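The values are calculated or read from the model by the stated rules, or taken from the named source; none is laboratory data. None of these values were measured; they are calculated from a predicted model. Every residue, glycine as well, gets a Cβ built from its backbone with ideal geometry; the counts of neighbours run over all protein chains shown. We work out accessible area using only protein heavy atoms, side chains counted, and drop any ligands, DNA or RNA first. Shrake-Rupley method; radii C 1.70, N 1.55, O 1.52, S 1.80 Å.
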Amino acid sequence: MTKFSDLNLHRKVLKAIDEAGYVEPTPIQAGAIPPALEGQDVLGIAQTGTGKTASFTLPMISMLNRGRARARMPRSLVLAPTRELAAQVAENFDIYAKHTKLTKALLIGGVSFKEQDAAIDRGVDVLIATPGRLLDHFERGKLILSDVKVMVIDEADRMLDMGFIPDIERIFGLTPFTRQTLFFSATMAPEIERITNTFLSNPARIEVARAATTSENITQGAVFYKATRKDREGTEKRKLMRLLIDGENEQLNNAIIFCNRKTDVDIAAKSLKKYGYNAAAIHGDLDQKKRMETLDGFRDGTIKFLCASDVAARGLDIPDVTHVFNFDVPGNAEDYVHRIGRTGRAGKKGFAFTLVSPRDEKNFADVEALVEMEIPRVDLPEGMKKSKPKPDESATRDEKPKRKRSRKTPEQQVDEATTAPSAVEEVKDIAEDKNTTPAPQNDKPKRNRNTRGGRNRRDDGPTIIGMGDDAPAFIAKSFEERMAS
């Protein structure tokens with residue numbers, strides 16, 4: 001059985017590993033560390049949660065222990081796709097290099113350039129960065145990459161998903177051709193294969209698991225459901241999530257709930273807090289300080305439910321996550337592997353449940369095709385099962401009668417009109433059925449709608465035509481008489 005002491009690591013690194021409580025390397029660590037220490041390029045393929053970070057951090061510290069960095073010229077470079085993953089690599093570096101004099105700098109968004117510039121100017125042995133912020137410093141003339149001896153690409157497939165491949169290719173061009181490259185990924189898309197063929201020189205390929213496989217320690221399940229009404233889909237989906245959480249009982253210690261959209265992340269967190277669950281949200285729109293505070297709270301147990309976008313799906317090492325819930329099926333099937341990889345880490349048991357609505361069935365089929373297994377179906381919780389209507393309820397439903405178009409001839413319609421009962425008689429019949437007297441008919445004349453307000457309502461007798469007996473004689477004459485005179 002291989003031990004860390006068998007891997008030729010520097011004694012100061014071995015001391016730090018021993019103090020951290022690690023005894024045996026994982027398969028990816030045992031396979032990648034020896035060729036990395038020999039200066040060979042490494043292509044590591046392993047599912048998430050297998051210890052890839054230590055696979056490049058430990059040999060890098062051992063190799064850089066001799067020598068000293070110059071101002072603005074880092075000796076090694078680690079590229080990570082997200083701020084959280086970059087910060088995690090920096091934390092691991094601090095653990096493993098605490099008995100050495102190596103220095104580091106963390107270049108990520110959300111932190112002022114001034115502090116980062118000051119760290120670079122002092123000279124750093126290890127520069128840990130996201131691609132965008134690294135290029136920002138380079139274009140400002142604050143960084144020189146011509147002295148990089150070891151370059152690490154972590155979570156390369158996530159770099160591809162986030163559109164960082166052009167930036168990665170540019171950064172490769174800024175570093176020396178003689179550099180050593182350590183390249184790690186959980187999956188190997190064709191574009192990743194092209195980059196490795198272009199920028200790696202005869203790499204040692206370490207593949208400890210088939211690409212896009214899930215850990216055997218994770219119990220998976222899929223819950224298929226259909227909302228009763230389209231406008232209630234979100235409400236019923238959140239209710240289903242709460243019922244699944246409650247159904248896990250003592251098995252659930254904490255959980256990450258993944259949503260596809262940032263707005264859904266916020267809504268899910270607010271909904272859980274409304275119903276008394278200790279939840280918080282994390283996504284790319286939050287400032288870096290808030291994101292780190294939320295992650296720290298989840299790690300130390302002050303936050304039990306972390307509602308997250310895929311910013312938290314890759315590479316975050318939170319070893320004691322018991323459950324993962326996919327509130328949405330990811331649009332990219334490979335993201336499913338990374339999401340559920342947040343649980344079942346370091347040999348521990350984990351549980352992962354996915355909510356599948358009719359619109360998600362195609363994406364879910366892609367997930368099953370990728371992992372080459374049928375994910376077990378889970379029955380709907382009791383509170384979500386639809387109750388069948390009672391017979392008397394269904395029989396007494398008010399149904400609007402359908403209007404029928406008359407197809408009778410005009411002669412038939414005239415005959416029916418003459419024989420049909422009058423409206424007054426119909427009212428009397430209805431009143432008799434109800435044992436009531438019919439309401440008296442109103443005999444008042446209909447009001448003339450052409451009259452406005454109260455005008456012209458007074459009865460002044462017959463209308464006067466002309467001017468009566470008092471009319472002047474010349475007016476009473478006819479037109480011909482007036483013309484003759």
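Could you sort 336, 22 by accessible area so the largest value comes first, with the probe set to 1.4 Å?
So the residues, ranked largest to smallest area, are 22, 336.
As a test of reading the structure, rank 68, 179, 194 by solvent-accessible area (1.4 Å probe, protein chains only), most first.
68, 194, 179
Within the set of other residues whose C-beta is less than 15 Å from the C-beta of residue 261, count the net charge using Lys and Arg as +1 and Asp and Glu as -1.
-2
Counting only protein heavy atoms and using a 1.4 Å probe, what share of the accessible area of the range 152-198 belongs to carbon plus sulfur, as a whole percent?
That fraction is 55 percent.
For residue 121 and residue 227, what is the calculated FRET efficiency with R₀ set at 45 Å and r taken between the beta-carbons, to the nearest 0.05?
Here the calculated transfer efficiency is 0.20.
What whole-number value in Å² describes the accessible area per residue of the range 270-315 for a 1.4 Å probe?
That works out to 45 Å² per residue.
In whole percent, how big is the carbon plus sulfur part of the accessible area of the range 281-341, probe 1.4 Å, protein atoms only?
48
To the nearest 10 square angstrom, how much accessible area does residue 322 have with a 1.4 angstrom probe?
The value for residue 322 is about 30 Å².
Would you mind checking the range 23-44 for residues with the amide N under 13 Å from a putative spin-label position 7 Å along Cα→C-beta of residue 201?
So the set is 39-42.
Any chance you could look up the accessible area of residue 138 with a 1.4 Å probe, heavy atoms only, rounded to 10 Å²?
Rounded to the nearest 10, the figure is 60 Å².
Which value, in debye to the nearest 20, describes the size of the charge dipole of the range 178-248 about its Cα centre when Lys and Arg Cβ atoms bear +1, Asp and Glu Cβ atoms bear -1, and nothing else is charged?
Using only the charged Cβ atoms, the result is roughly 340 debye.
For the range 155-198, what does the accessible surface come to per residue with a 1.4 Å probe? Please give it in Å².
Accessible area per residue, the range 155-198: 40 Å².
How do 378-384, 269-275 rank on mean C-beta neighbours within 10 Å, highest first?
Ranked by mean Cβ neighbours within 10 Å, highest first: 269-275, 378-384.
For 342, 66, 229, give the ranking by accessible area with the largest first, probe 1.4 Å.
From most accessible down to least: 66, 229, 342.
Please compute the per residue accessible area over the range 1-135 with all protein chains in place, 1.4 Å probe, rounded to a whole number of Å².
For the range 1-135, the per-residue accessible area is 41 Å².
To the nearest 10 Å², what's residue 111's accessible area with a 1.4 Å probe?
Roll a 1.4 Å probe over it and residue 111 shows about 50 Å².
Once both labels are modelled 7 Å past Cα along the beta-carbon direction, what's the residue 248-residue 378 spacing in nm?
Once both label points are built, they end up 0.8 nm from each other.
Sorted by mean Cβ packing within 10 Å, highest first, what order do the peptides 126-134, 355-363 take?
In decreasing order of mean packing, 126-134, 355-363 become 126-134, 355-363.
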